[in-house]
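Reviewing the structure listed below.
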There are 2 protein chains.
Amino acid sequence: MSVGTLISYFDKYLSLNSEEREVLSKRVVERKIRRKQFILQESDVCRHYTFVAAGCFKMYGADKKGNEHIIQFAAENDWITDIGSFHSGKPSLLYIEAIEQSVILQLEKNDLIHLYTHFPNFNRNFRVIIEDKYVELQNRVLQNISSTAEERYLAFLDQYPLLSARLPNTQIAAYLGITPEFLSNIRQKITKKKPYS
Amino acid sequence: MSVGTLISYFDKYLSLNSEEREVLSKRVVERKIRRKQFILQESDVCRHYTFVAAGCFKMYGADKKGNEHIIQFAAENDWITDIGSFHSGKPSLLYIEAIEQSVILQLEKNDLIHLYTHFPNFNRNFRVIIEDKYVELQNRVLQNISSTAEERYLAFLDQYPLLSARLPNTQIAAYLGITPEFLSNIRQKITKKKPYS
DNA sequence: CGCGACGTTGATTTGCCTCAACGATTGTGG
DNA sequence: CCACAATCGTTGAGGCAAATCAACGTCGCG
């Protein structure tokens, strides 16, 4: 049912022709995922490219103390995959967990390779997609090494207003690399600064 | 002369056939760059994909106080480009500067598009290249949000032993997101811990 | 020679974490 | 439907990590 979401997603890049749509529809597998369900756990190999058709996920690593450090959120029309594990076939160090009830579309490695080999436009589309995500990630690195926690929080709200409204502050803190307590401090300071906005 | 470096670089991915080699050689422009010379400055548009055949570069953003925050180093057989500016055609916020005397090979946008359009293998090769770099960057983000400065420094030495030997500590600090003074503290603490290694 | 980049040290300040506690909300099983 | 646990947001006291500012010696380079 949800394959249409993926097909029209590609319209942002080079639209798929009818043949490409058909093959994609055949190869892709749709799954419904409950809240708090994992589609990847540490020490498992990441075997799928996952497209989020509905809902929201987080990808994170856990440290010795069990704290989560969130590498990426993915809501509708976004991809979420541990590409490193996917390529190497080695066990992942990360978790991918549903934050909301979700619907995803998954491609296995063999099927993705089939698409790349027989329909070169997929190479071009995925190249552009990941280039865009690479730029996003570069900006985040720059933020991380050059800004205070408060600046990063405000930038996050600014860049992802819809997403940040859906997330509990604990998870925003885990994404920014600060503790929930300190995020609470920051929020308090901000509301005192601009009481009427 | 240095095009051979680039051609054999592609052997790590899908090797180029003779036609692809020939076209690439024709489209690529070789330049020698002196130390401290810029190939991109803030407010300029990034017009080239740049391959480093010899030498070393850094890409960084500057804050209001004039401090550098290094997003990426690139030594031999690596790419360095502000992809965001390159794609959008908008002015860059970044600098790319030679750390050593260098030789680069540059591709203009038109030429790169020509390669993508007529030789689909370039799409596939650049897709894989940037996927690898994406994974690297994700690991750096995870480090940044989950580790102390000391841990990040040790991880940097471990991951880039050759590179770190070529760089002054001030630039390593600007890459890690700490001050040179504090990096000096860390280094002192480390040598005291393991005096004989 | 003299200047600028580099690495270091120390004193002080600040940003952020840790730990503990609390109320409000959500959700879940009996 | 209620009881209880779990998650969430917040507050406060205290501690540590890292920045700031200033000073100094070294070195390479013009």
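The values are calculated or read from the model by the stated rules, or taken from the named source; none is laboratory data. Since the structure is predicted, the reported quantities are computational estimates derived from the model, not experimental observations. No Cβ is skipped: glycine too gets one built from the backbone with ideal geometry, and neighbour counts run over all protein chains shown.
How many residues does the stretch B:174-197 contain that are closer than 18 Å to B:Q72 by Cβ and more than 11 Å from DNA strand C (Cβ to nearest atom)? Break it down stepwise before answering.
Our first condition is that a residue be closer than 18 Å to B:Q72 by Cβ; within the stretch B:174-197, this holds for B:174-178.
The next check asks that each one be more than 11 Å from DNA strand C (Cβ to nearest atom); those that pass are B:175-176, B:178.
Total meeting the criteria: 3.
Identify all residues within the stretch B:77-91 that are part of a loop (DSSP other than H, G, I, E, B) and within 15 Å of the chain's Cα centre (by Cα); write none if there are none.
To start, the set of residues in the stretch B:77-91 that are part of a loop (DSSP other than H, G, I, E, B) comprises B:77, B:81-82, B:89-90.
Within the stretch B:77-91, B:N77, B:T81, B:D82 meet the criteria.
All but one of (1) more than 12 Å from chain B (Cβ to nearest Cβ); (2) of a type in the set (A, V, I, L, M, F, W, C); (3) within 23 Å of A:S164 (Cβ to Cβ) hold for A:A62, so report the exception by its number.
(1)
May I ask you to say which residue of A:L154, A:L167 is of a type outside the set (G, A, S), in contact with a helix residue (DSSP H, G or I) (Cβ under 9 Å, 6 or more places away or on another chain) and near DNA strand D (Cβ under 8 Å from one of its atoms)? Show your work before the answer.
Working: A:L154 fails: near DNA strand D (Cβ under 8 Å from one of its atoms).
Within the list A:L154, A:L167, the selection yields A:L167.
Tell me, yes or no, whether the stretch A:157-164 has at least one residue that is within 16 Å of DNA strand D (Cβ to nearest atom), hydroxyl-bearing (S, T, Y) and surrounded by 15 or more Cβ atoms within 10 Å (Cβ to Cβ).
Yes - at least one qualifying residue is present in the stretch A:157-164.
Against the conditions (1) more than 14 Å from every other protein chain (Cβ to nearest Cβ); (2) away from DNA strand D (no atom under 16 Å from the Cβ), where does A:Q188 fall short? Just the number, please.
Failing condition for A:Q188: (2).
Within the stretch A:144-151, can one find any residue that is acidic (D, E), in contact with a helix residue (DSSP H, G or I) (Cβ under 6 Å, 6 or more places away or on another chain) and within 15 Å of DNA strand D (Cβ to nearest atom)?
The answer is yes; a qualifying residue exists.
Quick one: how many residues across the stretch A:135-163 are part of a helix (DSSP H, G or I), under 17 Å from the mean Cα position of the chain (by Cα) and away from every other protein chain (no Cβ under 14 Å)? Please lay out each step first, then the result.
First pass over the stretch A:135-163, keeping only residues part of a helix (DSSP H, G or I): A:135-146, A:149-159, A:161-163.
Then keep just the ones that are under 17 Å from the mean Cα position of the chain (by Cα); that gives A:135-141, A:156-157, A:159, A:161-163.
Then drop every residue that is not away from every other protein chain (no Cβ under 14 Å), which leaves A:157, A:161-163.
Qualifying residue count for the region: 4.
Pick out the one residue from A:S88, A:S92 that is within 13 Å of chain B (Cβ to nearest Cβ), farther than 30 Å from A:R187 by Cα, surrounded by fewer than 18 Cβ atoms within 10 Å (Cβ to Cβ) and among the polar types (S, T, N, Q).
On the way: A:S92 fails: surrounded by fewer than 18 Cβ atoms within 10 Å (Cβ to Cβ).
Checking each option against the conditions leaves just A:S88.
If only one of B:I70, B:I80 is within 23 Å of B:P180 (Cα to Cα), within 12 Å of chain A (Cβ to nearest Cβ) and in contact (Cβ under 8 Å) with a residue 24 or more places away in the chain, which one is it? Before you say what the answer is, go through the steps one by one.
Values: B:I80 fails: within 23 Å of B:P180 (Cα to Cα).
B:I70 is the lone residue from the list that is within 23 Å of B:P180 (Cα to Cα), within 12 Å of chain A (Cβ to nearest Cβ) and in contact (Cβ under 8 Å) with a residue 24 or more places away in the chain.
Restricting the stretch B:1-32 to residues that are among the small types (G, A, S) and outside any helix (DSSP H, G or I), which is modelled with the highest pLDDT? Spell out the reasoning first.
So the first thing to find is which residues in the stretch B:1-32 are among the small types (G, A, S), and the list is B:2, B:4, B:8, B:15, B:18, B:25.
Okay, now just the ones that are also outside any helix (DSSP H, G or I), so B:2, B:15.
Details: B:S2: 90, B:S15: 96.
If we take residues in the stretch B:1-32 being among the small types (G, A, S) and outside any helix (DSSP H, G or I), then B:S15 is modelled with the highest pLDDT.
Mind checking whether some residue in the stretch B:164-173 is of a type in the set (V, I, T), part of a helix (DSSP H, G or I) and more than 8 Å from DNA strand C (Cβ to nearest atom)? Reasoning before the result, please.
Here is the first cut: in the stretch B:164-173, the ones of a type in the set (V, I, T) are B:170, B:172.
Still in the running and part of a helix (DSSP H, G or I): B:170, B:172.
From what's left, more than 8 Å from DNA strand C (Cβ to nearest atom): none.
The answer is no; no qualifying residue exists.
Based on what the data block shows, is A:Y116 at the interface with chain B (Cβ under 8 Å from one of its Cβ atoms) and of a type in the set (S, T, Y)? Break it down into steps so the answer makes sense when it comes.
Numbers: at the interface with chain B (Cβ under 8 Å from one of its Cβ atoms): yes; of a type in the set (S, T, Y): yes.
Here the answer is yes, as A:Y116 does meet what is asked.
Using the structure shown, decide if B:I130 is within 12 Å of DNA strand D (Cβ to nearest atom), surrounded by 18 or more Cβ atoms within 10 Å (Cβ to Cβ) and under 27 Å from A:E68 (Cα atoms). Before you say what the answer is, go through the steps one by one.
Details: within 12 Å of DNA strand D (Cβ to nearest atom): no; surrounded by 18 or more Cβ atoms within 10 Å (Cβ to Cβ): yes; under 27 Å from A:E68 (Cα atoms): yes.
Against the criterion (within 12 Å of DNA strand D (Cβ to nearest atom), surrounded by 18 or more Cβ atoms within 10 Å (Cβ to Cβ) and under 27 Å from A:E68 (Cα atoms)), B:I130 does not qualify.
Could you list, in sequence order, all residues of the stretch B:72-95 that are more than 20 Å from B:F126 (Cα to Cα) and aromatic (F, W, Y)?
B:Y95
Suppose we filter the stretch A:122-134 for residues that are more than 17 Å from the chain's Cα centre (by Cα) and either more than 7 Å from chain B (Cβ to nearest Cβ) or free of Cβ contacts under 8 Å to residues at least 12 places away in the same chain (or both); how many remain? Show your work before the answer.
At the first step, the residues of the stretch A:122-134 found to be more than 17 Å from the chain's Cα centre (by Cα) are A:122-125.
Those left that are additionally either more than 7 Å from chain B (Cβ to nearest Cβ) or free of Cβ contacts under 8 Å to residues at least 12 places away in the same chain (or both): A:122-123, A:125.
Going through the stretch A:122-134 one residue at a time, the tally reaches 3.
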